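Notes to accompany the following structure.
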Amino acid sequence: MVSDAILLLAAGSSARMRGSDKLLEEVDGVPILRRQAKAALATGAHVTVALAPNRRERCQTLAGLQLQRVVVENAARGMGTSIGVATAALPDSVKAVAILPADMPEITTGDLEEILAASASLPDLVVQGVSSSGVPGHPVVFPSRLFPMLTRLKEDEGGRSILEREKVHRVPLPEGHALTDLDTPEAWAAWRTRRTGSDKALN
């Protein structure tokens with residue numbers, strides 16, 4: 001029986017990438033969308049990916065992975081719409097869902113497992129990943145009692161309005177894992193430079 005789910009948000013337009021698709025950018029030779037989907041699947045949780053219509057390349061990069069694909073027809077309205085539609089499509093047995101933008105390359109399987117374990121130990125609370133210095137970020141795990149509120153989200157509202165009303169248990173993740181999202185070519189280039197420097201320092 002499925003008890004945990006991970007919802008990857010992959011329905012954005014990549015408007016700030018000036019013509020390229022951030023979710024097809026490669027990390028270690030793998031498109032980031034596929035890489036993060038595999039990291040989520042490795043936890044053993046049910047994995048749902050929210051996708052926009054007419055994004056064939058994103059669908060193709062998920063080929064062969066055993067996950068739930070949810071096409072959000074009105075994805076252009078914003079993240080809240082994607083969260084609402086995808087949450088409504090989750091299996092009835094899901095007791096908590098971890099919501100994660102798919103453009104966060106530093107989130108690992110271990111990070112997701114830690115967040116889900118914290119949620120399992122505190123099943124009535126919202127659980128949120130934070131940076132090593134305590135800055136709130138992602139993933140955010142919502143218990144099933146809040147699913148009706150998630151399904152009513154619209155446009156760019158996201159889950160912030162819910163977080164403001166809930167007691168939140170925060171879980172520190174390594175360094176900037178909970179904060180690093182890459183929305184522009186410059187952000188991708190800077191991240192790759194930092195990563196290459198870190199790799200050289202370890203060798």
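The values are calculated or read from the model by the stated rules, or taken from the named source; none is laboratory data. Note that the structure is predicted; figures quoted are calculated from it, not measured. Ideal geometry is used to build each Cβ from the backbone, glycine not excepted, and the neighbour counts take in all protein chains shown. We work out accessible area using only protein heavy atoms, side chains counted, and drop any ligands, DNA or RNA first. Shrake-Rupley method; radii C 1.70, N 1.55, O 1.52, S 1.80 Å.
Below is a table of values for the structure above.
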| quantity | calculated |
| --- | --- |
| Where A118 falls short, out of the listed (1) touching an Asp or Glu at 6+ places or on another chain (Cβ under 6 Å); (2) assigned to a helix (DSSP H, G or I) | (1) |
| Tabulated pairs, segment 46-57, first farther than 16 Å from M79 by Cα, second open to solvent by less than 10 Å² (accessible area, probe 1.4 Å) and of a type in the set (A, V, I, L, M), C-beta under 6 angstrom, 6+ apart or interchain | H46/A5; V47/I6; V47/A40 |
| Segment 125-148, residues that are in contact with a Phe, Trp or Tyr (Cβ under 8 Å, 6 or more places away or on another chain) and open to solvent by 10 Å² or more (accessible area, probe 1.4 Å) | none |
| Pairs with Cβ under 9 Å, 6+ apart, first in segment 67-88 and closer than 14 Å to S13 by Cα and free of Cβ contacts under 8 Å to residues at least 40 places away in the same chain, second aliphatic (A, V, I, L, M) and in a helix (DSSP H, G or I) | V71/V85; E73/V85; N74/V85 |
| Positions within segment 109-124 being more than 25 Å from R34 (Cα to Cα) and open to solvent by 40 Å² or more (accessible area, probe 1.4 Å), in sequence order | A120, S121, L122, P123, D124 |
| In segment 155-177, residue farthest from P143 (Cα to Cα) [restricted to those that are open to solvent by less than 50 Å² (accessible area, probe 1.4 Å) and in a loop (DSSP other than H, G, I, E, B)] | G176 |
| Evaluation of R69 against (1) assigned to a strand (DSSP E or B); (2) open to solvent by less than 40 Å² (accessible area, probe 1.4 Å) (one fails), failing number | (2) |
| Qualifying residue in segment 59-66 (condition: closer than 17 Å to V126 by Cβ and within 16 Å of the chain's Cα centre (by Cα)) | no |
| Of all residues in segment 26-66 being out of contact with any strand residue (DSSP E or B) (no Cβ under 9 Å at 6 or more places or on another chain) and among the acidic types (D, E), the one that is surrounded by the most Cβ atoms within 10 Å (Cβ to Cβ) | E26 |
| Among residues of segment 83-98, those that are open to solvent by 10 Å² or more (accessible area, probe 1.4 Å) and either within 27 Å of W191 (Cα to Cα) or of a type in the set (A, V, I, L, M, F, W, C) (or both), counted | 4 |
